[in-house]
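Written below as structure tokens is the structure these notes are about.
Nothing in this text is a laboratory measurement; each read-out follows from the coordinates by a stated rule. In this text the structure is predicted, and so the values were computed from the model without any measurement. In this analysis, Cβ positions are derived from the backbone assuming ideal geometry, glycine residues included, and neighbour counts consider all displayed protein chains.
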Amino acid sequence: MNILKLLADLAEVDPTLYDRLSSRQAAFAPLSKLGRKAALAALPVALGTAIMPAQARDIRTILDSLNLALVLEYLESEFYARALGLVAGAPSVPASFFPAGTRPAIETIYRHEQQHVRFLERVIQASGGTLPTKPRFDFTGSKNGAQPALFADVFTNFDTFLQVAQTLEDAGVRAYKGQVGFLQTDNSLLEAALRIHSVEARHAAHIRSMRRARGANVKSWVSPTDTSIAVAGKTDAVYAGEGLVNQFVAGLRQVPFDQAPLNTVVAVAKVAEAFDEPIPASTATSLVSIFTY
Amino acid sequence: MDTKSTSFSRLFSARPVRRRTFFRVAGATAASSALVLAGCDKDDENPEVSPEQAFTLGTGDTGLLNYAYLLEQLEAAFYDKVVATPPADMPAAELAYFTDMRDHEVIHREFFKFALGTSAIGTAVFNFGSLTLTTRAGVFAAAQTLEDLGVAAYNGAGKLFTDPVYLGIAGKIASVEARHAALVRDLALPNSFAAADVVANDGSALDGLDAAKSPAQVIAVVNTFLNITVSAASLPG
């Protein structure tokens, strides 16, 4: 797509086009420090609405993605803060909760989640957005006692804690992956989201390794051979579709991993492990709701 | 153009056969059409390009796919070598992890090869002489470098893709590379899965974010494992 030529042609017909494009981008200028190049990268979508009378649709979409990410980070941050005994008023966690040597890694992960919260809050506010309300959390999944708990011993049984941690981290990886496409019009935000996404993946791998060290049958990457920790009808969405072996290239051409000659070159059984799959915002939101009330 | 063609010939005739095999594909025509010699590019005034030595990977999404293909070739070749001749002091359980990671990288490599079709660069021959692959410590140091590089490469390349399908693929692969990186790091040094050398923690606005590298930064590292020089000059970014 020759965007530059298209833009030049359009600008000739409508001299105010550049201005309208840049004013649309101005909403994100404080965080993007948009140069000409970034603005051009944003064109394929921005152009569509700049030609038409201005609409807020694009901005809302980006803010929706950022808000979802922030709620996920609130969830993760609060989860680790409670385990570490840092939340005033929350049930106290016994000092013996963390087996020897396990606390530093959880502290590292918690620090990252806090940093992600601060980053996203700053970005949203700098864009003129309003921060989402921080939900009330119940990590037992009982909705503050309104229903039977899913993870009653989450802060008294370290293995349950790690199962919930893995659930949240793997879900977080998938949720970010599901949002990056909506950020493609803003290079700075897209790159930042990817850089947070891979940190969540590092967390997920570490939590999985911790569980494996404690005897769980789980790899550091999502594998069909992992023993399931999903709660049917509740958290199974975290892993639904991760076993996908059908990958597509542009033009919706499926990569024939399971057919000759590719099946003689690749380990077909490991194709699902080699690709993590996205989840849509609606799935991510319903997963969050398991732990809120 | 004539003088550049001469450079092309000189490059190939002057170097050992092994170097040429980087561009070994089904046919020489495919190789020459897929690989744009930097010297033949319209940008041959660009001082970043050394016309006589640098090969480019193509432009736009195709160039980026070749970039990812080259990177996955590197990772797959590395793990192939480790799995084929593991260091004597590497435990069997760790070798199983490396076998998994090898299989993942081969799958990634073949994904990009399929996606590129006739636009794919040839099979690269890597020189791992700078690495110490006879000891567990040496293997882990190298694996950590390559996996962290892969994560940073995808993090930096995502914004450069035009086709959202390939942005999506970059995301699908990046998190698997990050999982590899975390495991390799933890095995090399416990709890280093997201240490400050990769995830910023210096009080800056980017604290908590993983590394992102431009194609030029990544290719510079990849080149240290090649007997030829690949240029990132034609790539977006």
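Taking amide H as placed 1.01 Å from N in the peptide plane, the amide H of A:T292 sits under 5 Å from that of A:D138, each at least 5 places away or on another chain. Just how far, in whole angstrom, is the range A:181-200 from the range B:62-108 if you go by their alpha carbon centroids? Rounded to whole Å, the Cα centres lie 26 Å apart. Shown in residue order for the range B:140-151 are the 3J(HN,Hα) couplings computed by the Karplus curve 6.51 cos²θ - 1.76 cosθ + 1.60 at θ = phi - 60°: 5, 4, 5, 4, 5, 4, 5, 5, 4, 5, x, 4 Hz (x for Gly and Pro).
Counts of other chain beta carbons within 10 angstrom of each beta carbon in peptide A:110-122 average 3. The phi-based Karplus calculation (6.51 cos²θ - 1.76 cosθ + 1.60; θ = phi - 60°) puts the 3J(HN,Hα) values of the range A:210-224 at 4, 5, 5, 5, 9, x, 6, 8, 8, 8, 6, 10, 6, 10, x Hz, whole numbers, x for Gly and Pro.
Indicate the gyration tensor shape class of the range A:150-293 (rounded, prolate or oblate), computed on the Cα atoms with a ≥ b ≥ c the square roots of the eigenvalues: a/c under 1.5 is rounded; otherwise a/b larger than b/c is prolate and the rest oblate. Cα axes put the range A:150-293 in the oblate bin.
The residues packed around A:H116, meaning those with a beta-carbon under 13 Å from its beta-carbon, carry a net charge of -4 if Lys and Arg are +1 and Asp and Glu are -1.
For the range B:108-237, taking the reciprocal of the average inverse distance between every pair of different Cα atoms yields a Kirkwood hydrodynamic radius of 16.1 Å.
If you take every residue apart from B:L149 with its C-beta less than 10 Å away from the C-beta of B:L149, what net charge results, scoring Lys and Arg +1 and Asp and Glu -1? Surrounding charge for B:L149 is -3.
Taking amide hydrogens as placed 1.01 Å from N in the peptide plane, the amide H of A:F248 sits under 5 Å from those of A:V255, each at least 5 positions away in sequence or on another chain. For trypsin sites (Lys or Arg not before Pro), the sites in the range A:87-142 that DSSP calls loop and that have at most 12 other Cβ atoms within 10 Å are A:R136. Working ranking of peptides A:93-106, A:163-176, B:182-195, A:146-159 by packing, defined as the average number of other Cβ atoms within 10 Å per residue, highest first, is A:163-176, B:182-195, A:146-159, A:93-106.
Remark: for residue pairs A:K143/A:K219; A:K219/A:K270; B:K113/B:K159; A:K270/B:K213; A:K219/B:K213; A:K143/A:K177, the C-alpha separation exceeds 19 Å in A:K143/A:K219; B:K113/B:K159; A:K270/B:K213; A:K219/B:K213; A:K143/A:K177.
Each other residue within a Cβ distance under 13 Å of B:F128 adds +1 if Lys or Arg and -1 if Asp or Glu, for a net charge of -1.
In percent, rounded to a whole number, the relative contact order of the range B:169-215 is 19, using alpha-carbon pairs under 8 Å and six or more apart.
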